[in-house]
1. Looking only at residues that are more than 16 Å from ligand 1 (Cβ to nearest atom) and part of a strand (DSSP E or B) in region B:217-235, which one is farthest from the chain's Cα centre (by Cα)?
2. Is there a residue being within 22 Å of the chain's Cα centre (by Cα), within 22 Å of B:L201 (Cβ to Cβ) and touching a residue at least 60 places away in the same chain (Cβ under 8 Å) anywhere in region B:144-162?
3. Could you tell me which of the residues A:I267, A:I227, A:I254 is open to solvent by 40 Å² or more (accessible area, probe 1.4 Å), among the β-branched types (V, I, T) and closer than 18 Å to A:M62 by Cβ?
4. Is it the case, given these coordinates, that B:L44 is within 16 Å of ligand 1 (Cβ to nearest atom) and either open to solvent by less than 10 Å² (accessible area, probe 1.4 Å) or assigned to a loop (DSSP other than H, G, I, E, B) (or both)?
5. Looking only at region A:232-251, which residues are of a type in the set (G, A, S) and open to solvent by less than 60 Å² (accessible area, probe 1.4 Å)?
6. Is it the case that some residue within region B:92-102 is surrounded by fewer than 20 Cβ atoms within 10 Å (Cβ to Cβ), at negative phi and within 16 Å of ligand 2 (Cβ to nearest atom)?
7. Specify the residue that is farthest from the chain's Cα centre (by Cα); the eligible residues are those in region B:97-143 that are more than 13 Å from chain A (Cβ to nearest Cβ) and β-branched (V, I, T).
8. What do you reckon, is B:G178 among the small types (G, A, S), surrounded by fewer than 16 Cβ atoms within 10 Å (Cβ to Cβ) and within 12 Å of chain A (Cβ to nearest Cβ)?
Amino acid sequence: MKEGLARVLFGAAALISTLAVALICLFLFANGIPAMAQIGLPDFLFGTTWKPSADIYGIFPMIVGSIYVTAGAIIIGVPTGLLTAIFLSRFAGGRISSLLRSGVELLAGIPSVVYGFFGLMLVVPLIRELAPGRGLSLLAAAIILGIMVLPTIITVAKNALDAVPKAYYEGALALGATHERSVFRVVVPAAISGIMAAIVLGVGRAIGETMAVVMVAGNQAVIPTSIFEGVRTMTANIVLEMGYAADLHRGALIATGVVLFVFVLLICALFNAIKNRGERS
Amino acid sequence: MLEAVARTRDALMGAGGVEEALRGLRAERGQESASKMSVIGLDLHYGSFHVLKDVSLDFPERQVTALIGPSGCGKSTLLKTLDRMNDLVPDCRVEGLVTLDGQNAYEDIPVNSLRRRVGMVFQQPNPFPMSIYDNVAFGPRTHGVQDRAQLDGIVEQSLRDAAMWDEVKDRLRKSALGLSGGQQQRLCIARALAVKPEVLLLDESTSALDPISTAKIEELVGELKRSYTVIMVTHNMLQALRVSDKTAFFLLGEMVEAGPTEDIFTEPVDPRTADYVAGRFG
Ligand SMILES: Nc1ncnc2c1ncn2[C@@H]1O[C@H](COP(=O)(O)OP(=O)(O)O)[C@@H](O)[C@H]1O
Ligand SMILES: [Mg+2]
């Protein structure tokens, strides 16, 4: 009897989350696909002009913008995050490790608007001083996102490193390898699928981030030609214009969401592929 | 015996140093055969747990020494003391003397060079999750061999020495994790041989294996002792009898008796040894 009740409860909970995903998909596609059809898929995806006042909706600059910003975040965040994870997992003593770990957890808990604020007050002025332009730029967005992906990358990569069997590390030591060599040549390669998963999750985190990016990226709907120029991501495109958009403009923004959704789906698929490969070996 | 140890310790305290102490110990036993490694008056604690109690033992060069005794008596601990893998246990305390070629293994030899000279094969096969080739090449690369042809040569020779070259020569680039348990263990032996160690420690290295793989490894050990000093822990009395030249019997952290394998099995001096050996046989 009791068990029956629990089953119903869990079932209902599972149903709600599944239903939520289904509804989001339905909403996105029902509203986005007609708009895409009206604009014409090639014009929508590969058009380089975004000019709602003239009913021209090409989101190519935003697709490129999202990719650039995410790539920048990965270039900055991956080496930093991985080295931190390796340090936490294999080098840090108990006190330093727990201090750093709570720092990382805190980093994960900071609201993105605060990151944006930090970027606006510190990173943007610094870039304005040192480089051409107004500071609101691809570089600023990449730096802020590079910091924001750290908790994801560090946590997932550290878990992967912690899970590497002790026998690998000891086997390397027993051959006369130093601690450093054993870690970097045996333990880290053994954790490679978990590390790849960490990077992919970091990409997912970066591509979906909105608020912080809007605040520091400049948001010009043009493909940037240098890292000091402004850039607009897909997420920024939606949030900046959704408030006043109507008709086809509104449809085009939702269709931007569809494209973003497809990107995230691809990232999820990649993540699962990596995870499955890791589990098989 | 105990007196000899006491005298050894006295000699150590005095000016003579390790060499003289060893010579004294050997003379005491009327045993002049070169010993590659020795432990003298070894006491080992894990925290407050006294695991090895005043153990003294010589490991003769180019011979196989078997360590036998019931589970938990400290055999693995002794092996790990010989290549300092016990350093990894945070509250492990080692007192007494461990020597390699008459040098103090804990003070005169840097730990990584000790571990290169004293190779270890673990109970569970632990090939790295990389190719067969890279497994064997790991050690030489660690110690500075970069030349491709030279590495190829070392890998082939080590796999030949481990009697598995023909089995794997066509799949050197395949993952080592795809090998069978017995092959993995022989790969681990090849990996250990590739750094050209002087001493090889085998910790129940056949206990996880099927009889055929076990026989192959036993045969291999018989070959290896031509060039290496082998120290093996085994639970299998017949295995000790088949492959070892010298046997040491341990009980509750004490070395009860050591001597030529035949003597230990046929005419043990200590009744506890006799009981153990007899019990294990029948
Ligand atoms: N890392 C450790 N910390 C504390 N106790 C240990 C540790 N390793 C082994 N021991 C204990 O030391 C004793 C000897 O262990 P071991 O050398 O592995 O025995 P054997 O190999 O003869 O079976 C056992 O009682 C075991 O529980
Ligand atoms: Mg053991």
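1. Taking region B:217-235 first, the residues more than 16 Å from ligand 1 (Cβ to nearest atom) are B:217-230.
From what's left, part of a strand (DSSP E or B): B:229-230.
Working: B:T229: 8, B:V230: 6 Å.
The qualifying residue farthest from the chain's Cα centre (by Cα) is B:T229.
2. Yes, some residue in region B:144-162 is within 22 Å of the chain's Cα centre (by Cα), within 22 Å of B:L201 (Cβ to Cβ) and touching a residue at least 60 places away in the same chain (Cβ under 8 Å).
3. A:I227
4. yes
5. Once the filter is applied, which keeps residues that are of a type in the set (G, A, S) and open to solvent by less than 60 Å² (accessible area, probe 1.4 Å), region A:232-251 yields A:A236, A:A245, A:A246, A:G251.
6. Yes, because at least one residue in region B:92-102 is surrounded by fewer than 20 Cβ atoms within 10 Å (Cβ to Cβ), at negative phi and within 16 Å of ligand 2 (Cβ to nearest atom).
7. B:I132
8. It is true that B:G178 is among the small types (G, A, S), surrounded by fewer than 16 Cβ atoms within 10 Å (Cβ to Cβ) and within 12 Å of chain A (Cβ to nearest Cβ).
The values are calculated or read from the model by the stated rules, or taken from the named source; none is laboratory data. As the structure is a prediction and not an experimental result, all values here were calculated from the model. Note: ideal-geometry Cβ built from the backbone for every residue, glycine included; neighbour counts use all protein chains shown. Ligands, DNA and RNA are excluded from the accessible area calculation, which covers all protein heavy atoms including side chains. Shrake-Rupley method; radii C 1.70, N 1.55, O 1.52, S 1.80 Å.
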